[in-house]
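Read through the structure below, which is laid out as structure tokens, and then see the notes.
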Amino acid sequence: MVVLALSGKLTSYGVGNMIAPWILVWVCALLALTYDGGARNGVRLTTFVVMLFVLVGSFNQAFDAAAPGEFVDAALRIALGAPVMVLLFLPETVAWFDREK
């Protein structure tokens, strides 16, 4: 994406369209930083909901992709986000967030 932006093939609007979905991924990464301490089920469910928004937007972008770069960008978010959503509901994960302080 950076290469496309620097080469002049993407407008500022195009760069914004490619960067905006990744902001939610970074929000999930920041939420993950709280997992070792006092994170409880609220943080787990918040991460799940934010990742759900990422996946829905990514599927929409993948189906409407006009260029291979857009499709790869959306597919990468799907490939990384779907396992996160599954892993957040494994019994071991639920037990981790239900542990006592």
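The values are calculated or read from the model by the stated rules, or taken from the named source; none is laboratory data. Since the model is a prediction, treat every value here as computed from it, not as a measurement. Neighbour counts run over all protein chains shown; Cβ positions are idealised from the backbone, glycine included. SASA here: full protein model, heavy atoms, side chains in, ligands and nucleic acids out. Shrake-Rupley method; radii C 1.70, N 1.55, O 1.52, S 1.80 Å.
Quick notes on this structure:
- In degrees, nearest ten, helix 41-63 long axis to first principal axis of the chain (Cα): 20 degrees
- For the chain, averaging the sequence separation of C-alpha pairs within contact (under 8 Å, six or more residues apart) and dividing by the residue count gives a relative contact order of 27 percent.
- Whole-percent carbon and sulfur share, accessible surface of the range 5-65, 1.4 Å: 74 percent
- Full-stretch length increase - Val84, Ile19 - with 0.36 nm per residue and alpha-carbon distance subtracted: 21.4 nm
- Size of electric dipole in the range 41-101: Cβ of Lys, Arg +1 and of Asp, Glu -1, about Cα centre, debye, nearest 20: 200 debye
- [x] -0.41, -0.78, -1.02, -1.22; [y] -0.33, -0.75, -1.03, -1.19; [z] -0.28, -0.69, -1.07, -1.37, with the label sought being that of the calculated log10 I(q)/I(0) by the Debye sum over Cα atoms at q = 0.11, 0.17, 0.21, 0.24 Å⁻¹: [x]
- Computed from Cα positions, the angle between helix 12-32 and the longest principal axis of the chain comes to roughly 10 degrees.
- Sum of -39500 (n - 2.57) over DSSP H runs of 4+, divided by residues of the chain (222 nm, nearest 500): -24500 deg cm²/dmol
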